[in-house]
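Here's the structure, in C-alpha cells; my notes come after.
The values are calculated or read from the model by the stated rules, or taken from the named source; none is laboratory data. These numbers come from a predicted model, not from an experiment. All Cβ positions, glycine included, derive from the backbone under ideal geometry; neighbour counts span all protein chains shown. Just the protein is used for accessible areas: all its heavy atoms, side chains included, with ligands, DNA and RNA removed. Shrake-Rupley method; radii C 1.70, N 1.55, O 1.52, S 1.80 Å.
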Amino acid sequence: MAIKEKQVNAHDAPAITFGCWKSMFRSFLWLLLAPPLAAIPSPSRAQSRTPPPLPVLPIPTAQQLAWQLGEMAMFLHFGPNTFTNSEWGTGDAPPSFFNPTQMDAAQWVRVAKESGFSRVILTAKHHDGFCLWPSDLTDYSVRSSSWRNGAGDVVAELAAAAREAGIGLGLYLSPWDRHEECYGKTMEYNEFYLGQMRELLTRYGEIKEVWLDGAKGEGEKDMEYFFDSWFSLVRQVQPGAVIFSDAGPDTRWVGDEAGIASPTCWSLFNISDAAIGGTDPQYSRRGDPFGHDWVAPECDVSIRGGWFWHESEAPKSALTLLDIYYKSVGRNCLLLLNVPPNVLGLISDEDIKVLREFHELRSSIFSHNLAKTALLNASSTRGGIYNSQYSLQNVLVEGIFSYWAPRENWPYWVLELQFEKPVSFNVLKVQEPIHMGQRVIEFHVKVLSKEGQWRRVINGTTIGYQRLLRFPTLEAKRLRFEIEKSRGDPLISYLGVYLDTFLSLSDLSRNNSSQLNMNGTLVIEQMRSKRSRSASVSYK
C-alpha cells in the first residue's frame, strides 16, 4: 500500500499529471498559502507542537460512546403474549400460561454473539405486567407459573449467559402496566415501579442499557410518571448503563419501528424540546444540528411481523435485513433487531438461518476495503505532512480513535484515492471520531471520467459514527471525497470503498433519490438496465 499526502485542490483541473504545466497553478497556490520552508518543523517537532483540535460540543459520554461502538443489539420480546398469540396482553392471562419447557437463554446469547450483536435486551416486564423475574412486589410473575416449578428466573438465566459470553445485557421495564391495580394512582404506582426497577438493577450484575417507552393504549388510566426519579436511580445503581426512551436522556427512538433512519441524522438533540411518549417523530428521526445534548438514535425493528413470536409469521430475508442495516447502522444509528423466542423458549431455526446469512452478507461485503490498495492524497494535514498523528494514513485504520485532520482554517477539504488500475465499487463507508463531536454537514463523492472530467456520483449530509452510501456500480481509477460544510474543521477516522455484489437497483430506488447525482444520465441509465448486478459505468 502506498500513501502519499499532497495538497489536493477541490477545484483543480480534471487531469492532474505531476511535472506537467497544468500543475503550475496548484504549485503557485501552495507557495502562496504554505509557510516558508524555514518555518516547516522536523517530523518530531511537528508532532510535539500540534495538540489535538478542540472538540465541537456536545460530545458523547463514555457510556454513550461504548453503546454506539456496539452497532447492533438484539431485542428479546418474551412473556405470556408468546403463548396467547398476542402483542399487547391485557394483564389477565393466568401465570400458568407461561411455560417454555425447553427454554435456553444460553442459546439466545449464542445466536446473538455469532450474528454480530453486542448486547441483548429482554422485556423483563411488558405492558401486561407479567414479570420474568420473581418480583417481591407482585404475584404476577414467573414465581406463580409452572415453569421450573415456580423457581425459575428468566432474567437471572439470561444475565448469567450474557456474562459468560462477554456481551452486554439490557432490560425493558414497561411503565404501562395493565395488571397492577395501583396503576393510575400516581404516588403508589411510581413507588411500585421504582421498587421493581431497583430489583432489576441490583440483583443481576452489570446492566448496559435500561429501556423504557411511553406506550399506552387510548382510553387507559391517566398516569404521571416520575421519570427524573427513575433516571436518578439508574445513575445511582448502574452508572455504566445508557437509558433509552422516546426522548433520551442517553439514546432516543428514531421515530419509526421499521429500523430506518433519516439520511440526515444528527446525534445532536434538545432534550428540553422532547417529551417521552409525545416526541415529534420527525425531530427524533433527523436530530438537531443546533442541539445542546448528545442523544444518538436507536432503530428498533422486528425480524418478524410482530414483536412477540407467532407461528403464522415468517422472518424477513437476509437481504431485507442488510437493507435495514444500511439505513440504520449506516446512518449513524444503533440497530435494535427484535428476535423473539418461541413457545419452547428457543430462537426458531428459521430465524437463526436468516441471522447467519445476514452475518455472512456483511462479512463478505465489508471484509475487503479497496481503499487499502490506493495511493491517498489530502488537501492538507494538521501540523504538516510530517505529522503522523493526524496523517491521512489513519483513515485506513479500523476504529474511530485515530483520524485525519486538515490544517486549521484550510479553505477546502478533499481526500483522494488513486488506484493503480480501475476498480469496481458501489459502497462508500465513512466515519467520524465522534468523541470529538459530530461535524460534517454536507459532502459528496466524485470519480474521474475517461474524458478527464470529475463526475459527481453521490451527495451526502451527516456522517457521525458511520455513514454507508450505496450507488450504481462504478469502475474508476480515481475517487474524491469532498467535504462541503462542517461544524469546525472536519475530522475523518475511516474511509472505505467496497463492492456489494448483492446490491440491486431496486435497493437504490428505495433510497433517498436526492442523494444520487441526477444531473446526468448515470443513474437513469442504471435504473433502466436489466443487468442490475453486473451493469457498471466505466471511468477508466
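Split the accessible area of the range 370-504 by element, probe 1.4 Å, and carbon with sulfur accounts for 49%.
Could you rank the peptides 369-375, 103-109 by their average count of other C-beta atoms within 10 Å per residue, with the highest value first?
Descending mean neighbour count gives 103-109, 369-375.
Taking amide H atoms as placed 1.01 Å from N in the peptide plane, the amide H of F78 lies under 5 Å from those of T123, each 5 or more residues away in sequence or on another chain. Structure note, pairs K372/K421; K421/K450; K372/K477; K185/K221; K208/K429; K125/K216: Cα-Cα distances above 20 angstrom occur for K208/K429. Over the range 370-504, what is the mean sequence separation of C-alpha contacts under 8 Å (at least six apart), divided by residue count, expressed as relative contact order in percent? Relative contact order here is 33 percent. Run down the aspartates and glutamates and flag those whose C-alpha is under 12 Å from the C-alpha of K113, throwing out any fewer than 8 positions away in its chain. Excluding near neighbours in sequence, the set is E164. Over the range 62-367, what percent of the accessible surface lies on carbon and sulfur atoms, probe 1.4 Å? Carbon plus sulfur share of accessible area: 49 percent. A simple packing score, the average count of other Cβ atoms within 10 Å per residue, orders the peptides 322-331, 356-365 as 322-331, 356-365, with the highest score first.
Rg then Dmax, both in Å and based on the Cα atoms of the range 431-510: 13.8, 41. Of the two radii for the range 370-504, the radius of gyration is 0.94 times the Kirkwood radius, both from the alpha carbons; that is the Rg over Rh value. Here the range 302-355 yields Rg over Rh of 1.00, to two decimals, using C-alpha coordinates and the Kirkwood radius. Sequentially through the range 112-125, phi angles give Karplus couplings (6.51, -1.76, 1.60; θ = phi - 60°) of 4, 5, 5, 8, x, 8, 8, 7, 10, 10, 9, 6, 4, 8 Hz, Gly and Pro residues having no value and appearing as x.
Spatial offset of the range 320-382 relative to the range 124-138 amounts to 33 Å, using the alpha carbon center of each. Evaluating 6.51 cos²θ - 1.76 cosθ + 1.60 at θ = phi - 60° for every residue in the range 431-444, the Karplus couplings come out as 9, 10, x, 5, 5, 9, x, 8, 10, 5, 9, 8, 8, 8 Hz, glycine and proline recorded as x. Per-residue packing, averaged as other Cβ atoms within 10 Å, sorts the ranges 204-212, 309-317 into the order 204-212, 309-317, beginning with the highest.
Taking amide H as placed 1.01 Å from N in the peptide plane, the amide H of L336 sits under 5 Å from that of A73, C299, D300, V301, each at least 5 places away or on another chain.
3J(HN,Hα) along the range 144-154, derived from phi through the Karplus expression 6.51 cos²θ - 1.76 cosθ + 1.60 where θ = phi - 60°, amounts to 9, 8, 8, 5, 6, 6, x, 9, x, 8, 4 Hz, with x in place of Gly and Pro.
One equal scatterer on each Cα of the range 187-303, no solvent, Debye formula: the resulting log10 I(q)/I(0) at q = 0.15, 0.23 Å⁻¹ is -0.73, -1.30. Taking all protein chains into account, the per residue accessible area for the range 202-300 stands at 41 Å² (1.4 Å probe). When the P(r) is computed for the range 62-367, the part past 24 Å accounts for 50% of the Cα-Cα pairs. At what distance in angstrom do the alpha carbon centres of the range 436-455 and the range 417-431 lie from each other? Cα centroid to Cα centroid, the span is 12 Å.
Binning the alpha carbon pair distances of the range 205-253 at 5 angstrom intervals from zero yields the distribution 5, 18, 28, 21, 14, 8, 5, 1, expressed in whole percent. Around the amide H of A296, modelled in the peptide plane, lie the amide H atoms of R252, all under 5 Å away and 5 or more residues distant in sequence or on another chain.
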